[in-house]
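The structure appears below as structure tokens.
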Amino acid sequence: MSWISTLDYEGATGKLRTVYDRVRGPNGELDNILKAHSLRPHTLEGHMALYKSVLHHTSNRLPQVLLETLGVYVSLLNGCAYCTEHHFEGLRRLLRDDERASHIRQAFESGALERAFDARQLAILRYAKQLTQAPATLDPQSVQALRQAGLDDGGVLEINQVVSYFAYANRTVLGLGVTTEGEGTLGRSPAGESDNWEHV
């Protein structure tokens with residue numbers, strides 16, 4: 001599950017128990033990435049606030065499917081199997097189309113993105129790849145390319161934040177050896193109002 005010690009729900013007290021109560025799934029499930037924070041509950045709280053705000057906030061304007069697609073792509077680019085599997089399952093559920101989900105994954109894994117995405121989506125994915133793999137090479141033209149693809153600056157910010165969040169999440173997982181071992185249902189995520197962190 002992780003290279004460091006973690007606390008399950010049964011062993012949690014105080015602040016950790018309080019945060020666990022906010023994030024647990026319907027059967028009391030806790031994702032291993034969340035349990036990886038258990039020795040420092042304040043970092044779990046920070047992680048959840050960032051995650052909810054960036055990926056699952058009701059004020060986001062871009063489609064949830066697009067944001068989840070970015071999460072899968074960035075996680076694959078970073079070699080993070082844990083986040084790839086979780087967010088691919090989330091994407092598959094959102095799409096309600098297993099064939100489309102499989103087509104997207106094949107395009108990512110083969111590098112032939114044009115087989116699954118339109119011009120606007122390709123511009124977004126190019127930005128995501130550059131920000132993930134070569135962030136220092138970005139320049140004003142990188143943002144202008146997104147504008148030319150039809151995004152306003154708020155949309156650019158949403159994309160930037162999702163890609164940046166996954167850099168953080170992937171490195172949390174990879175740096176601590178977090179796996180899906182012992183987890184229940186993959187791909188659960190918080191829904192509803194901004195202060196609702198329950199994974200459904």
* Asked: Within the stretch 153-183, restricting attention to residues that are in a loop (DSSP other than H, G, I, E, B) and out of contact with any Leu (no Cβ under 9 Å at 6 or more places or on another chain), which residue is surrounded by the most Cβ atoms within 10 Å (Cβ to Cβ)?
  -> Val178
* Exactly one of (1) among the charged types (D, E, K, R); (2) within 18 Å of Val200 (Cβ to Cβ); (3) surrounded by fewer than 19 Cβ atoms within 10 Å (Cβ to Cβ) is unmet by Glu114. Its number? -> (2)
* Give the residues of the stretch 16-67 that are of a type in the set (A, V, I, L, M, F, W, C) and more than 30 Å from Arg120 (Cα to Cα), sorted by residue number. => Leu16, Val19, Val23, Leu30, Ile33, Leu34, Ala36, Leu39, Leu44
* **Every residue from the stretch 1-56 that is touching a residue at least 60 places away in the same chain (Cβ under 8 Å), of a type in the set (S, T, N, Q) and closer than 20 Å to Ala167 by Cβ** => Ser2, Asn32, Ser53
* Could you check Leu146 against (1) assigned to a helix (DSSP H, G or I); (2) within 26 Å of Asp31 (Cβ to Cβ) and say which number it fails? => (2)
* Asked: Can you find even one residue in the stretch 170-186 that is modelled with pLDDT under 95, closer than 17 Å to Lys35 by Cβ and under 13 Å from the mean Cα position of the chain (by Cα)?
  -> yes
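Residues are listed down the side, and each one gets a yes or a no for (1) among the aliphatic types (A, V, I, L, M); (2) modelled with pLDDT under 95; (3) in contact with a helix residue (DSSP H, G or I) (Cβ under 7 Å, 6 or more places away or on another chain):
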residue: Gln106; (1), (2), (3): no, no, no
residue: Asp118; (1), (2), (3): no, no, no
residue: Lys129; (1), (2), (3): no, no, yes
residue: Leu138; (1), (2), (3): yes, no, yes
residue: Ala145; (1), (2), (3): yes, no, yes
* Give the number of residues within the stretch 90-116 that are without any contact (Cβ under 8 Å) to a residue 12 or more places away in the chain and hydrophobic (A, V, I, L, M, F, W, C). => 2
* Asked: So which of Leu151, Leu174 is closer than 23 Å to Gly111 by Cα and in contact (Cβ under 8 Å) with a residue 12 or more places away in the chain?
  -> Leu174
* **Of all residues in the stretch 90-101 being more than 11 Å from the chain's Cα centre (by Cα) and buried (at least 18 other Cβ atoms within 10 Å of the Cβ), the one that is nearest to Leu151 (Cα to Cα)** => Leu94
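The values are calculated or read from the model by the stated rules, or taken from the named source; none is laboratory data. Everything numeric in this text was worked out from a predicted model, so none of it was measured. Positions of Cβ are backbone-derived with ideal geometry, glycine not excepted, and every protein chain shown enters the neighbour counts.
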